[in-house]
Structures are given as C-alpha cells and as structure tokens.
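Just so it is clear, none of the values below were taken in a lab; they were calculated from the coordinates. Keep in mind the model is a prediction, meaning the values are calculated, not measured. Here the Cβ is made from the backbone with ideal geometry for all residues, glycine too, and neighbour counts use every protein chain on show.
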Amino acid sequence: MSFAERFSLEATRPDAAEIATLAGILPPGTPVYLTAVPTVDPRTQIDAAAGLRKAGLEPIAHIAARRIASAAQLNELLSGLRAEADMKRLLVIGGDVDSTGPFADALAVIQQGGLRAHGFEEIGIGGYPEGHPKIPLRRIEAALDQKIAAARVAGLRVSIVSQFSFSPEQILTWLRQLRACGISVPVKVGMAGPASVAGLLRYAKRCGVSASLRGLMAGTGRGLIGHAGPDDIIAALEAAGDLNASPHYFSFGGAVETARYACEAAAGRIAA
C-alpha cells in the first residue's frame, strides 16, 4: 500500500449532512478525527462520533488535557465515546491554553485518565516537525519519550500525529531523526488539505508554522494563487520509501473538499 492510501483526516463539528457526504466519498473505515475546539462540548463530540461510526467511518476524538475541567468530565466523555460510538482510539494532546483542571498536559491524561480501563486500545500523541512556538525542542523530545513509555505501561498502542508543515524536506528530516533515535511507532504526517492561501496563512501563523509556508510561497513561480494542496509533500514521502508514515489531513478548506482531495491522492491522480 502506498503512502497516500493510508490517510486520515480531521473534521470540526460535522453535522448529519456532512457525515453522510463524507461517507459517500471516503472508503469504509477511514479514520476521521474530531477536533477539540472550545466551542464543541462533550455531548456534541459524542454525537458526531456516533454519527461517524453509524456511517461506517472510524471516529477518533481529540482529548485536550488542559481543557478538561474535572476528572468527572473526562470520565463522562470517555464513557460516552465508548458506549455510543464504540470508539477505541483517541488523540491525546495538551491543548494550547492554560490548565484550569486536574490535567496539566497530555502525559497526565495518559497516566491518570484510565483510558485502558474505559476500553480504549490506542492513542495518538503530538509531534512537531517544525518545533513548537512555546515549547523548547529538548522539552518536546523528552515529553515524546515520556508519553510513548507511559502509553506502553498503560497497555496502549501509540502513534504520533504531527502538526502540519509545508516543507517536505523538514518533514523528512524530522521523520528520519525519529527513526535514528529508535522511535519506531507509526507516524501520521500532518499536512494541510486544499485551502485558500489566505486561510493557510491564517492557520500557519496560529500554529507556528509560518516559516515553511513562506518558504513554499517564495520557491514557487505560481505563487500559490487560489487554492493549494500538499502535492509536493505527498510526492516526496512516496519517493522516500517506507518510513512507517501516512498522511493526516487538516481540513482548513472544509472536510468534504479535503476528503475528495485525499481520495484523489490515494488513487494516484494528484501530480506534484
């Protein structure tokens, strides 16, 4: 199976109509991650997950540690995701806000959240090919090792889901460094699905990856006019050989358009 075929994507607040449209585009069982944003309450997240499961897709919820108000709230969310959506996989992240509850970071949720006891079998953790605007590199590297170790102690399979980048070279360098350090877990390579350049600039600035987008724009004669997709990244990773990696699309231009793009890329119809 090629790199582009094993994709996942993100959706924010998908309603019944959008879920039905996605189910008509995506292969059955495609992982669809439900983004943790402040305006989405646990009940809405559970309902969306249940809708995705009923439509034949694989729902995976984001659990943002610092947005969890209490252990009881986490327990309610996890119980609902298991009971109503038969969810077995989560993405556990810190969340770029100050902690107001009992979980200071993703590691605390992994160690104290009782994920395995609720019936979850696998977690994703964050990775940063371009670093993090607020966290020193050494701290990121140490936290990655700690989270992988904690997941294994808890009996959870673990993968890395990376922040998106616009630089194929930076992604490949980061992946090869992970493998050279003995980190062999699967990696879902974050990339921005097709979106307007204005939208990409906005999200890149917010997520601390503006440098690679500026480099991409400076290096293209077409200047990224209109909509842009991660064609060059897909081509580079396809050519790189087996790094135990697969695409993970952030749907800044909309989940439906991103789903169509991902399917075209998986079929080999996207030319870099």
Paramagnetic label zone (point 7 Å from Cα along Cα-to-C-beta, ALA16; backbone N under 17 Å) in the stretch 27-46:
44-46
For VAL161, VAL37, VAL256, VAL109, which order do you get if you count the other beta carbons within 10 Å of each Cβ and list the fewest first?
VAL37, VAL256, VAL161, VAL109
Taking a ≥ b ≥ c as the square roots of the eigenvalues of the Cα gyration tensor of the stretch 1-140, is the shape rounded (a/c under 1.5), prolate (a/b larger than b/c) or oblate?
oblate
Note on the chain: the mean projected area of its alpha-carbon convex hull, in nm², is 13.4
Listed residues PRO102, PRO186, PRO38, most fluctuating in the chain (Gaussian network, C-alpha, under 10 Å)
PRO38
Given Cβ point charges of +1 (Lys, Arg) and -1 (Asp, Glu) and nothing else, what value in debye, to the nearest 20, does the dipole of the stretch 3-266 about its Cα centre take?
500
Expressed in angstrom and rounded, the centroid-to-centroid distance over alpha carbons for the stretch 236-269 and the stretch 29-84 is 23
In whole percent, what relative contact order does the chain give with Cα contacts below 8 Å and a gap of six or more residues?
22
Summing +1 per Lys or Arg and -1 per Asp or Glu among the other residues with Cβ less than 12 Å from SER251's Cβ gives -1
In what order do GLU130, GLU257 fall by count of nearby beta-carbon atoms within 10 Å, going from fewest to most?
GLU257, GLU130
Once both label points are put 7 Å beyond Cα along the C-beta direction, the LYS134-ARG157 separation in nm becomes 3.2
Cα-based Rg / Dmax (Å) for the stretch 115-168
12.8, 39
Unit charges on C-beta of K, R, D, E only; dipole of the stretch 1-81, Debye:
140
Could you please report the charge total around SER8, scoring K, R as +1 and D, E as -1 over all other residues with beta-carbon less than 13 angstrom from its beta-carbon?
-1
Please label the shape of the stretch 5-54 as rounded, prolate or oblate, based on the square roots a ≥ b ≥ c of the eigenvalues of the alpha-carbon gyration tensor (a/c under 1.5 means rounded; beyond that, a/b larger than b/c means prolate, else oblate).
prolate
Ignoring everything except DSSP H segments at least 4 long, calculate the 222 nm mean residue ellipticity for the chain; use -39,500 (n - 2.57) per segment, divide by total residues, nearest 500.
-13000 deg cm²/dmol
